Amino acid sequence: MNQPRQSLRLNVGFLIHQSVGSSRDFYFDLPNLAIEPDLTLKDFQGSVRITRTPQGLLVQANLQAMFPTECARCLADIDQALHTEFTELYAFTARGTSESGLILPEDGHIDLGPLLREYFVLEIPINPLCRPDCHGICAVCGEPQGDQFHVHEVESSDPRLAVLKTLLNNQNMEST
């Protein structure tokens, strides 16, 4: 996983000395990507355009990936599609920073990992579903219900509790 991690560290030092408006596109197509500390993505694809501005380097990203998770209803393993688009400014000085507070490192290398993690985590649904009409898990047997709800016969009560039922019935008759 060391190689994909390095692919998010971009050398943009050459853009610092270019004229305003100069840009460079970076393309990504990675089968697996681990973003520290806790985000694992599959089929990571997209592009990032970095443009020289008077204030710094403008990063414009359009990225998509699959996030391995489980359905909130039936607990089946699924790959949730994620897509994010964002624009951030890496300022040359602290005085020129935007709301995000990103400053261009002195070595001219931008590590997109923390930024991508932040934006992709925001795209993860709270309750991911394998499909919109998922019926979930059967409350009686605990098995996934598939395309139809399970139907179970009403079971008689446990014979070991019959004595307690008799006592309860007797108590109800005495109170009436």
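The values are calculated or read from the model by the stated rules, or taken from the named source; none is laboratory data. Keep in mind it's a predicted model, so treat the numbers as computed, not measured. All Cβ positions, even for glycine, are placed from backbone atoms using ideal geometry, and neighbour counts span all protein chains on display. Ligands, DNA and RNA are stripped out before the accessible areas are found, and what is left, the full protein with its side chains, is counted by its heavy atoms. Shrake-Rupley method; radii C 1.70, N 1.55, O 1.52, S 1.80 Å.
Would you call I126 open to solvent by 100 Å² or more (accessible area, probe 1.4 Å), farther than 30 Å from P54 by Cβ and among the aliphatic types (A, V, I, L, M)? Considered against the rule, which asks whether it is open to solvent by 100 Å² or more (accessible area, probe 1.4 Å), farther than 30 Å from P54 by Cβ and among the aliphatic types (A, V, I, L, M), I126 comes out as yes. The set of residues in region 142-159 that are at pLDDT 80 or above and either within 15 Å of I78 (Cα to Cα) or open to solvent by 60 Å² or more (accessible area, probe 1.4 Å) (or both) comprises E143, P144.
All of R95, R52 fail the test of being over 21 Å from V121 (Cβ atoms), at pLDDT 95 or above and either touching a Leu at 6+ places or on another chain (Cβ under 6 Å) or open to solvent by 70 Å² or more (accessible area, probe 1.4 Å) (or both), apart from R52. Might you let me know whether region 22-35 holds any residue that is part of a strand (DSSP E or B), open to solvent by 80 Å² or more (accessible area, probe 1.4 Å) and among the aromatic types (F, W, Y)? Looking for residues that are part of a strand (DSSP E or B), open to solvent by 80 Å² or more (accessible area, probe 1.4 Å) and among the aromatic types (F, W, Y), one finds at least one in region 22-35, hence yes. How many residues does region 72-92 contain that are open to solvent by 70 Å² or more (accessible area, probe 1.4 Å) and of a type in the set (V, I, T)? Final tally of qualifying residues: 1.
Taking the criterion of being open to solvent by less than 30 Å² (accessible area, probe 1.4 Å) and farther than 25 Å from D107 by Cβ, the residues of region 55-71 that qualify are A65, C71.
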